Amino acid sequence: MMTPAAASDLRRYNAATAHLEPPLAVLDLAAMRANAESMARRAAGKPIRVASKSVRCRAVISRVLAMDGFRGIMAYTLPEALWLAGSGLSDDILVAYPTADTVALGQLAGDAAAAAAITVMVDCAEHLDLIEKVIAGTAEPSQVRVCIDIDTSFIALGGRIRVGARRSPVRTPADAAALARDIVSRPGLRLAALMAYEGQIAGVGDNPAGRPLYGRAIRYMQRKSGAELAIRRAAIVAAVRAVAPLEFVNGGGTGSVEKTTTEAAVTEIGAGSGLYQPGLFDSYRGFSGRPAALFALPVVRRPGPGVVTALGGGYLASGAGEVQTPLLGRAADGLRIGDRVWLRHAKAGELCERFGELYLIDGDAIAATVPTYRGEGKAFL
Ligand SMILES: Cc1ncc(COP(=O)(O)O)c(C=O)c1O
């Protein structure tokens with residue numbers, strides 16, 4: 001079920017931002033904190049690594065890291081991780097996707113503090129070769145910490161059906177142990193961790209509004225995939241731990257926190273979207289977050305009965321409109337030019353790529369205005 005912001009919340013946001021011109025974006029601190037607490041409860045004692053791609057605002061990441069139940073950052077590029085580490089935000093940053101950026105790898109290897117704080121993702125010997133080549137060209141290099149990424153996709157009917165991303169060539173305990181042995185044989189590298197993110201469970205709502213049969217099919221697939229992965233993930237972790245000790249094993253995402261945490265092999269969860277609770281995360285049975293991040297657009301046209309046009313809102317993943325967004329329905333007739341409408345984006349990372357600042361709302365006032373990654377001039381992807 002879609003969870004709209006309550007009318008009383010919208011009144012608070014209107015009151016807090018009455019002196020500002022939309023388009024503008026707000027983050028309701030109480031709602032965000034409630035979402036974070038709920039995620040931490042669902043994690044049942046295992047720490048949550050904050051997925052920065054879903055937050056994209058240093059001030060918000062910092063506030064979440066100060067809360068119980070959260071530890072470390074899951075970054076999305078190495079230049080981002082270097083920036084975050086350099087700003088002192090965290091000394092435990094996992095880059096969740098492999099990098100081929102030799103300049104950034106050189107900075108990592110050449111900076112002892114960064115190299116101690118950051119772990120990069122690998123899934124094949126080619127990744128290791130690339131890192132080693134950079135290390136060979138770096139004066140006084142530090143060891144580079146690496147994490148093995150596992151393919152978690154669900155394969156059925158002898159390979160005719162595959163559900164989930166083709167994320168990594170490493171799929172079996174034997175694959176993972178072989179890569180682990182290769183890593184430990186290279187003195188410039190240090191095997192620190194393992195990650196296995198099951199996007200087909202964590203990122204796919206199992207209760208899509210108005211589509212009960214599809215929902216049932218998704219739940220069936222997720223049950224099967226979850227059962228298969230739990231066994232395989234445990235075997236992979238055991239096989240890799242037989243080669244070298246691991247500091248952490250990361251899995252899961254906002255949609256699977258309470259499921260992934262039950263696996264003994266997993267030591268921490270990676271999650272971020274649930275903090276903002278964007279539209280795509282409304283359709284899960286296991287939890288319901290409070291809409292925390294919203295944006296306001298101004299009404300600029302009334303083309304006819306039952307339709308008004310808002311300026312802006314053409315956000316790629318959220319798909320409401322383009323340069324303008326038509327708003328249809330009876331409610332449109334109650335809107336005048338200059339009124340504002342509040343919307344929620346679909347995908348968590350998008351909001352802070354569209355707005356330079358977030359107004360942090362406390363009650364019916366702005367507690368702080370903080371720059372987003374975009375506001376800081378940082379467009380990593
Ligand atoms: C590696 C990894 N872990 C975890 C997540 C979960 O992030 P979120 O909680 O924002 O959905 C993602 C999202 O794509 C991911 O790529």
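Couple of notes before you dig in:
- Rounded, prolate or oblate (a/c below 1.5 giving rounded, otherwise prolate when a/b exceeds b/c) for the stretch 80-239 by Cα gyration tensor: prolate
- Two-decimal Rg to Rh for the chain - Kirkwood Rh, Cα set: 1.00
- The phi-based Karplus calculation (6.51 cos²θ - 1.76 cosθ + 1.60; θ = phi - 60°) puts the 3J(HN,Hα) values of the stretch 368-381 at 6, 10, 10, x, 7, 3, 4, x, 8, x, 10, 10, 7, 9 Hz, whole numbers, x for Gly and Pro.
- Coupling constants for the stretch 259-273 follow from the phi torsions by the Karplus curve (6.51 cos²θ - 1.76 cosθ + 1.60, θ = phi - 60°), and in residue order they are 7, 4, 5, 6, 7, 4, 5, 8, 9, 7, 10, x, 7, x, 4 Hz; glycine and proline get x.
- LYS347 accessible area, assembled protein chains, probe 1.4 Å, Å²: 100 Å²
- Proximal aspartates and glutamates relative to LYS224, as straight alpha-carbon distance under 19 Å, when same-chain residues fewer than 8 apart are discounted: ASP151, GLU198, ASP206, GLU258, GLU263
- Here's how it looks for ARG71: its modeled amide H is under 5 Å from those of ILE48, ARG49, VAL50, which are all 5 or more places away or on a different chain.
- Per-residue ³J(HN,Hα) for the stretch 75-85, Karplus 6.51 cos²θ - 1.76 cosθ + 1.60, θ = phi - 60°, Hz, x for Gly and Pro: 8, 10, 9, 5, x, 5, 4, 5, 5, 5, 5
- Sites listed here are trypsin sites (Lys or Arg not before Pro) in the stretch 262-345 whose DSSP assignment is loop and whose Cβ has at most 13 other Cβ atoms within 10 Å: ARG285, ARG336.
- Three-way shape label, the stretch 209-276, alpha-carbon gyration tensor, a/c 1.5: oblate
- Taking a straight Cα-Cα cut-off under 18 Å and skipping sequence neighbours fewer than 8 places away in the same chain, the lysines within cross-link reach of LYS46 are LYS259.
- Sequence-distant lysines (8 or more away, or on other chains) whose Cα lies within less than 27 Å of LYS378: LYS53, LYS347
- Calculated mean residue ellipticity at 222 nm for the chain: -9500 deg cm²/dmol, from DSSP H runs with n ≥ 4 weighted as -39500 (n - 2.57), summed, divided by the residue count and rounded to 500.
- For LEU189, residues with placed amide H under 5 Å, excluding near neighbours: VAL144
- Solvent-accessible surface (1.4 angstrom probe) belonging to CYS124, in square angstrom, nearest 10: 30 Å²
The values are calculated or read from the model by the stated rules, or taken from the named source; none is laboratory data. Just so it is clear, the structure is predicted and the values come from calculations on it, not from any experiment. Positions of Cβ are backbone-derived with ideal geometry, glycine not excepted, and every protein chain shown enters the neighbour counts. When the accessible area is computed, the model is the full protein with side chains, heavy atoms only, and any ligands, DNA or RNA have been set aside. Shrake-Rupley method; radii C 1.70, N 1.55, O 1.52, S 1.80 Å.
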